Amino acid sequence: MTSPQKAKGGAWERQCAKFLSDLYEESFVRTAHSGAFIGGTNAHRKAVLSESQTKSYKGDITPPDSWNNLNIECKSYQDFPFHLLLTGNCKVIDGWLSQLMDVAEENDCNALMMKFNRKGSYIVVQSKYTWVTDNFIYYTSVKHGDWIIVDFNDFFKYNKDLFKTYAS
């Protein structure tokens, strides 16, 4: 039986896939067996998988074939220590960024999609790309560099085309 936390995470992954499918009118799906199938201690699996197999297990959302460079991790939690973002030492987000980057390829557009109860939904993207936004939090991860955190809907309102360009 699936734990409530896994069910909640899976629901957010499906919601993100549906959102992207509707927004871009292309098929995005929740990755089967998402949960580090090729990341972390399972990185050795990449050696025996084909390029298309690796792509289908990378991240929590499997994009359409034309989106060759997209890597998405989804997190849905009750709460988040936003105040720790200001200290530059937020172990929670650093751990999630490690999960995201463990499976990332060199040219990937990497995105962390987060949802918190009664706080909203956000996206974390690398600041190395040019994004359009007026409200964001800048976060520097010691291990993974510079990122911006933006309201989920505002991000796609202003960056729909850029996101596709960087990920294709």
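The values are calculated or read from the model by the stated rules, or taken from the named source; none is laboratory data. Predicted model, so just to flag it, every value in this text is computed and none were measured. Virtual Cβ from ideal backbone geometry, glycine too; neighbours counted across all protein chains shown.
Side notes on the structure shown:
- Residue count for the stretch 68-93 under the criterion of being in contact with a Phe, Trp or Tyr (Cβ under 8 Å, 6 or more places away or on another chain) and in a loop (DSSP other than H, G, I, E, B): the result is 6.
- Residue, modelled with the lowest pLDDT, within the stretch 1-29, restricted to residues that are in a loop (DSSP other than H, G, I, E, B) and in contact with a helix residue (DSSP H, G or I) (Cβ under 9 Å, 6 or more places away or on another chain): Thr2
- Residue under evaluation Ala32, criteria (1) within 16 Å of the chain's Cα centre (by Cα); (2) surrounded by 12 or more Cβ atoms within 10 Å (Cβ to Cβ); (3) at pLDDT below 95, criterion not met: (2)
- Here Asp108 fulfils each of the conditions (1) buried (at least 20 other Cβ atoms within 10 Å of the Cβ); (2) more than 16 Å from Asn71 (Cβ to Cβ); (3) not hydrophobic (A, V, I, L, M, F, W, C) apart from (2).
- Top-ranked residue in the stretch 141-163 [being out of contact with any strand residue (DSSP E or B) (no Cβ under 9 Å at 6 or more places or on another chain) and touching a residue at least 40 places away in the same chain (Cβ under 8 Å); ranked as surrounded by the most Cβ atoms within 10 Å (Cβ to Cβ)]: Lys160
- If you go through the stretch 107-121 and keep only what is more than 19 Å from Tyr166 (Cα to Cα) and assigned to a strand (DSSP E or B), you end up with Met114, Lys115, Phe116, Gly120, Ser121.
- The residues of the stretch 122-140 that are assigned to a strand (DSSP E or B), surrounded by fewer than 20 Cβ atoms within 10 Å (Cβ to Cβ) and of a type in the set (Ser, Thr, Tyr), listed by number, are Tyr138, Thr140.
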